[in-house]
1. Gap in Å between the Cα centre of region 266-315 and the Cα centre of region 224-250?
2. Counting other Cβ atoms within 10 Å of each Cβ, which GluC sites (Glu not before Pro) in region 254-316 have at most 15 and sit in a DSSP loop?
3. Per q in 0.27, 0.32 1/Å, what log10 I(q)/I(0) does a Debye calculation on the alpha-carbon atoms of region 186-229 return?
4. Per the 1.4 Å probe, what fraction of the accessible area of region 199-279, in percent, lies on carbon and sulfur atoms?
5. Taking the Cα centre of each part, how many Å lie between region 80-103 and region 113-169?
6. Calculate what fraction, in whole %, of the accessible area of region 98-163 sits on carbon and sulfur atoms when a 1.4 Å probe is rolled over the protein chains.
7. With each label point set 7 Å from Cα along the Cα-Cβ vector, what nm distance links LEU136 and ASP249?
8. What's the local net charge at ARG186, with K and R +1, D and E -1, over the other residues with C-beta under 13 Å away?
Amino acid sequence: MAGNSQRRNRRTSNKKGAQVGSGGKRRRGLEGKGPTPPASARKGHVKNRVANAKAKHGARRPVARRGGKGTSEMVVGRNPVFEALRDGVPASTLYVQQFIDNDERVREALQLATGRGDINIMEAPRPELDRLTNGLNHQGLVLQVPPYEYAHPEDLAAAAFDDGEDPLIVALDGVTDPRNLGAVVRSVSAFGGHGVVVPERRAAGMTAGAWKTSAGTAARTPVARATNLTRALEAYQKAGLTVVGLAADGETEVGELEALGGPLVIVVGSEGKGLSRLVGETCDVLVRIPMPGGAESLNAGVAAGVVLYEAAKRRA
């Protein structure tokens, strides 16, 4: 009996006693989690990605990577050479034919080249100029344009973040006319953009014609060259930029797009074919420019200017 009583006592003593209070757990549970954090602090939100990208670029300035060089170019003929020098096209050497007729255009070209101070002026016999130009009608004047130094696409966004600004970039898909590229560079400069991206292949580059059409703005607006435009756009998306493609059948009118006020890449296709399939599928949204006049399309320079104007209004 005594043994049974001891076993019952041990079992009774092992039972958990009454709990006094909750240790504050219930009170803390009722207090909630505090106010909702701002969008820039919520993981996964686009503003959070932008804030993280700005912080990353603010912590260390990235080493500039170049997008490669273009090819050197020869501008031939008295009027083209004069206009290139007048419009500030970069040049390394002005070749002048020996015993050339010293007319007004020749004198003006020589004065401009001398005034620039960084252009070599060389006299050469006609056969030598024929060889340099592959037999083109050079009229005794040939201007050598050095290869263009392209930026790297990521440097355009990095430079904007470093300056505390939301990037505003234009990418061209399938635009092959250098004059359209020059017009886009001019529009980007006019509306406070941070640069232009072009594909490395099957696209216009920064030739003398592009420089002339840019009206000098190419000297302060960088042009980057992408080996693969789709991958460059995806890299921009990871950095927090919204990629907006222009398309005649876009689901949103450009004036209704709220994303124009933030970090942005505007993608413009060719006038005839528009955006390529892969680039169109990569865009976050496709927008259209309303044209009540009935035109089917706009050239790249005009289309980019319209959207850049809308973006500049949102950022003012």
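1. 13 Å
2. On the way: sites: GLU256, GLU258, GLU271, GLU281, GLU296, GLU310; in loops: GLU271, GLU296.
Taking region 254-316 and a limit of 15 other Cβ atoms within 10 Å, the loop GluC sites (Glu not before Pro) found are GLU296.
3. -1.01, -1.17
4. Solvent-exposed carbon and sulfur of region 199-279 make up 47 percent of the total.
5. 13 Å
6. Result for region 98-163: 47 percent of the exposed heavy-atom area is carbon or sulfur.
7. Roughly 4.1 nm, to one decimal.
8. +2
The values are calculated or read from the model by the stated rules, or taken from the named source; none is laboratory data. Predicted, not measured: the structure shown is a model, and the values here were computed from it. For neighbour counting, all protein chains shown are included, and Cβ atoms are generated from backbone atoms with ideal geometry for every residue, glycine included. All accessible areas refer to the heavy atoms of the entire protein, side chains included, with ligands and DNA or RNA removed. Shrake-Rupley method; radii C 1.70, N 1.55, O 1.52, S 1.80 Å.
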